[in-house]
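Read through the structure below, which is laid out as structure tokens, and then see the notes.
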Amino acid sequence: MKRLILTAMSLCITHYALCVEYRLWYNTPAQTWTQALPVGNGVIGGMVYGTPAVERIQLNEETIWAGQPNNVVNPHAKDALPEVRRLIFEGKYKEAQDLANAKVMPNAVGQNMGMPYQPFGDLYIAMSGHADYTNYERFLDLDNAKTVVRYTVEGVRYEREVIAPFGGNDVIAIHLIASDKGKITFTTHLTTPHENPLYGSEKLRVKSEEFATAYLQGVSAKHEGLKGKVRFMGRLAVQTKGGRTSGSNGTISVVGADEATVYVAIGTNVKNYKDITGDEVAQSKERLQKAMTLGYEALKEQHGKVYHQYYDRVKLDLGEDQYKGVSTSKRIELFGTRTDNYLVATYFQFGRYLLISSSQPDNMNPANLQGIWNDKMYPSWDSKYTTNINLEMNYWPSEVCNLTEMNEPLFKLIREIYEQGKETAREMYGAEGWVLHHNTDQWRITGPVDRAQTGLWPVGAAWLCRHLWEHYLYTQDKAFLRQYFPIMLDAARFFTQTLQKHPTKGWLVVCPGESPEHGGKGRPTPLDAGVTMDNQIVTELYTNVLAAAKILDNIDHLDVLDTIKAQLAQLPPMQIGRWGQLQEWLDDLDDPKDDHRHFSHLYGLYPSYQISPTRTPELWEAAKKSLDARGDVSTGWSMGWKVCSWARLLDGEHAYKLIKDQLTLTADTFLIFGTVKQRGGTYPNLFDAHPPFQIDGNFGCTAGIAEMLMQSYDGYVYLLPALPAVWKEGSVKGLVARGGYEIDIDWKNGQLTKAVIRSRCGGTCRLRSNTPLKGKGLRKTKDAGIYELKTMANQEYTIY
């Protein structure tokens, strides 16, 4: 008997990582939006409050944006740009900014600055007598992509389960059950913050049965002079077991059911970024009928199958849950004072959950500044696509965290802004190729927005092209590279025609440009020439285009490729400044007391890899000096970037310190009570706080945790490169390395004990480890700590 017990215990420990549940758990309903729990399938998103008496689920649909198809280009820009450049080169930065604002920026001629992503509205489910409840809990089950609310009223146990099902079922479904029969009684309806909505009720036939439905129709808002033309329709229906159902005037009532499922579907007239001739009435009806035809159990089963094929690829075990029964918000509050590795692992998987839930392969739009979740008509920064880091950061975890399919909406956006960007390059710069500035939206605008000091930044297209190249590096998919090579080449072609020779330094530089949202000490504006980030991005683009052409044996466009090669040697190198820092600008303007949230000159460290401890040790030390001077505590997304950057600097302790800073509770009850000032960190529902909420911080930190455990940018796969002491024992399964390798790692006492390499494409896998390795076929190289393993496609290799 003792032997059997010991065997069972051993099996449980062995399979702990498979048994552990990752949840966001709370014992009170949400009071604010940043306490509600997100569900989504990329098309429709919901924020579940979990209030027993009146459930509220705030709703979004991916295509509800203000405005209509458009692009923004000032017709005077092309003529004014040469003078703007001259003023910058002469050091007349304020005059250059004033001229750019008057003659280059589109808003100077009455054009808009991009359209906001807008909410649909809210679903309410009112249950009379449920204000007096006990034994309450609610949670987001990350392992199964659902929220659950449970509580007791007068001895009856109630449960609500909410899913946004995957698999092409574009609805939100709420399943209500009770421990006693006949106890499900409620009324439900939709509301919207949009002006002049139309509410109504009608019958809907599903198979041979008729159901009462409620509907809400509206149109998106006018913004900055551009009339809103996105028409939308939300439909609401209920399937029950037992009881009576009726509907009128936009409300559905259920009395005495044993159980019920509430379905919400939303349709719009948006067919793509330039076509709004769709039928929102037919689309909403089709979506609702499809889900109801399946029924809740089949819908949930299909939902689970699709979700698990993505989510289950990666497992992270940093130790057992030592604080079960403590709410997630309390755990965040206490994280700075105690070790809670389970919370870190939960946060990592929450990031993967958010990407799966906001960026499915067949979505029309990629994840925006808030993913797919937004409750405001005019959210901060319009919840657009800010392309001077935020959009890109959303997709940093996609490849390494084994969610490569989630990139497809981003690639779709790139294909579309490529078309708009060619027009902008021609009309604004008189150049071939394509350009994107620091923002775009559903309508794929590519001209500059806001003011010149933030928006006149023409390297957005080049940055997005690195995602195309990275996808090739991770997948080795030549067909993909061939498909997107023209887009990469045309991004480079634009710079071959717009780079300017610096009159005193002789280098080819981007002018006008800027280090995003940040100017050098003593300069009156961020507008400048040849800032370090611009130089790094163009250098990387040119290098990748030349490498891609070689891989594809490209014999076309040789004139452009020759120009790229010649110009590459004329781009400014990275420079080390007077206090040992990596310079942010061509001139040595860096202030060692500067703690700005953007540290764009470290793009070359992360996400790029132009800075390396082995290839460029002096620049690596300079980057460390710069990052250390920038400080730690900042906006939420900035701290996520710093986790990645300190991991690249191989400092696991500092990276973990940034995780602690990011997982600092940002109180949100001041929105109600006016008592506490917000700071950068994390909201009670684990959403990143800039503040306000920006989802890129979640994704940045998720990528950073992966980077602490495995790196693959420097010609080898580095196992456990930045492991903090607090993660003494653990395992990670399913991370992906460049070259097409899937990696599992186990460690104990901070030392690697086992690694499994699954080779997708074959080839020689170079490994680096701080722990000596051994294994069949493993060969030690002359470089310290580096090994080689010859692999075959679709084979698995174990090392110790």
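Sort 450-456, 740-746 by packing, meaning the average of other beta carbons within 10 Å per residue, with the highest value first.
Numbers: 450-456: 22.1, 740-746: 20.1.
Sorting 450-456, 740-746 by mean packing, highest first, produces 450-456, 740-746.
Using Cα pairs under 8 angstrom and six or more residues apart, how large is the relative contact order of the chain, in percent? Before the final figure, lay out each step's value.
Details: 1912 pairs, mean separation 92.3, N = 800.
The normalised contact order for the chain reaches 12 percent.
Give the cross-link partners of K776 among the lysines, using a straight C-alpha distance below 20 Å as the criterion and excluding same-chain residues fewer than 8 apart.
Within reach: K754, K790.
Set the bar at 21 Å for Cα to Cα. Now go through K501/K565; K748/K774; K728/K782; K384/K593; K624/K780; K624/K782 and name every pair that lies beyond it. Present the calculation step by step, with values, prior to reporting the outcome.
Numbers: K501/K565 16 Å; K748/K774 17 Å; K728/K782 30 Å; K384/K593 31 Å; K624/K780 30 Å; K624/K782 28 Å.
Cα-Cα > 21 Å for K728/K782; K384/K593; K624/K780; K624/K782; rest within.
Would you compute, from DSSP H runs of 4+ residues alone, the mean residue ellipticity of the chain at 222 nm, taking -39500 (n - 2.57) per run and dividing by the full residue count, rounded to the nearest 500?
Numbers: 21 runs with 252 residues, N = 800.
Roughly -10000 deg cm²/dmol at 222 nm, from the helical runs in the chain.
How high is the relative contact order of the stretch 465-587, in percent, with contacts defined as C-alpha pairs under 8 Å that are six or more residues apart?
Working: 137 pairs, mean separation 32.9, N = 123.
The normalised contact order for the stretch 465-587 reaches 27 percent.
Whenever you get a sec, compute what percent of the accessible area on the chain sits on carbon and sulfur atoms (1.4 Å probe). Don't jump to the answer; show the numbers that get you there.
Numbers: 14320 of 28800 Å².
Answer for the chain is 50 percent, counting heavy atoms of protein chains only.
Over what distance in Å are the Cα centres of the stretch 155-232 and the stretch 457-501 separated?
42 Å
Could you work out how far helix 280-294 tilts from the main Cα principal axis of the chain, as a 0 to 90 degree angle to the nearest 10?
Approximately 60 degrees, to the nearest ten.
Assuming a ≥ b ≥ c are the square roots of the Cα gyration tensor eigenvalues, decide whether the stretch 30-89 counts as rounded (a/c under 1.5), prolate (otherwise, with a/b larger than b/c) or oblate.
Working: a/c = 5.15, a/b = 3.02, b/c = 1.70.
It comes out prolate by the Cα gyration axes.
Under 29 Å Cα-Cα from K305, which lysines qualify once same-chain neighbours fewer than 8 residues away are excluded?
K146, K207, K241, K271, K285, K290, K315, K324, K412, K733
Got a number for the accessible area of D141? Probe 1.4 Å, square angstrom, nearest 10.
Its accessible surface works out to 10 Å², give or take rounding.
Hey, which aspartates and glutamates would be in cross-link range of K274, C-alpha to C-alpha under 16 Å, not counting anything within fewer than 8 residues on its own chain?
Qualifying aspartates and glutamates at Cα under 16 Å: E62, E416, E419, E423, D441.
With a ≥ b ≥ c taken as the square roots of the eigenvalues of the C-alpha gyration tensor of the stretch 84-204, please select rounded if a/c is under 1.5 and otherwise prolate if a/b is larger than b/c or oblate if it is not?
Verdict is prolate for the stretch 84-204.
Among residues other than M710 whose Cβ falls under 11 Å from its Cβ, what is the net charge (Lys/Arg +1, Asp/Glu -1)? Write out the running numbers ahead of the final one.
Numbers: positive: R738, R768; negative: E707, E742, D744.
Spelling it out: positives minus negatives among the neighbours equals -1.
So with the 1.4 Å probe, I'd like the accessible area per residue for the chain, rounded to whole Å².
Numbers: 28800 Å² over 800 residues.
Accessible area per residue: 36 Å².
Give the peptides 100-111, 687-698, 145-156 in descending order of average Cβ contacts within 10 Å, highest first. Write down the numbers at each step before the final one.
Working: 100-111: 19.8, 687-698: 26.5, 145-156: 18.3.
Ranking the peptides 100-111, 687-698, 145-156 by packing returns 687-698, 100-111, 145-156.
By average Cβ neighbour count within 10 Å, what is the ranking of 716-724, 476-484, 282-290 from highest down? Spell out each step's value before the answer.
Numbers: 716-724: 23.2, 476-484: 15.2, 282-290: 19.3.
Ranking, from highest mean packing down: 716-724, 282-290, 476-484.
Let me know the shape class of the chain, please: from the alpha-carbon gyration tensor, a ≥ b ≥ c as square roots of the eigenvalues, rounded when a/c is under 1.5, otherwise prolate if a/b is greater than b/c, or oblate. Walk me through the intermediate numbers first.
Details: a/c = 1.82, a/b = 1.25, b/c = 1.45.
Oblate.
Loop only by DSSP, 13 or fewer other Cβ within 10 Å of the Cβ. Give me the trypsin sites (Lys or Arg not before Pro) in the stretch 305-365 that pass, ordered by residue number.
Working: sites: K305, R313, K315, K324, K330, R331, R338, R352; in loops: R313, K324, R338.
Sites meeting the loop and neighbour criteria: K324, R338.
Of N368, P165, V255, which is farthest on the positive side of the dipole of the chain, counting Cα position, with +1 on Lys and Arg Cβ, -1 on Asp and Glu Cβ, and the Cα centre as origin?
Selected residue: P165.
So how tilted is helix 460-475 from the main axis of the chain? Cα-based, degrees 0 to 90, rounded to 10.
For helix 460-475, the angle is close to 70 degrees.
Once the other residues with Cβ under 14 Å from the Cβ of E297 are scored (Lys, Arg +1; Asp, Glu -1), what is the net sum? Don't skip to the end; give the middle numbers.
On the way: positive: K146, K241, K300, K305; negative: E161, E259, E301.
Around E297, the surrounding residues sum to +1.
Around K521, what is the net charge, scoring Lys/Arg as +1 and Asp/Glu as -1 over all other residues with Cβ under 11 Å from its Cβ?
-4
Suppose the chain between T339 and E618 were pulled fully straight at 0.36 nm per residue; how much longer would it get relative to their current alpha carbon spacing? Each step should come with its number before you reach the end.
On the way: separation 279, 0.36 × 279 = 100.44 nm, distance 3.50 nm.
Roughly 96.9 nm would be gained on extension.
Answer with one residue from Q420, T475, W33: the one whose Cα lies farthest towards the positive end of the charge dipole of the chain, charges on Cβ with Lys, Arg +1 and Asp, Glu -1.
T475
The values are calculated or read from the model by the stated rules, or taken from the named source; none is laboratory data. None of the values given here were measured: they were computed from a predicted structure. Don't worry about glycine lacking a Cβ; one is built from the backbone with ideal geometry, like all the others, and counts go over all protein chains shown. All accessible areas refer to the heavy atoms of the entire protein, side chains included, with ligands and DNA or RNA removed. Shrake-Rupley method; radii C 1.70, N 1.55, O 1.52, S 1.80 Å.
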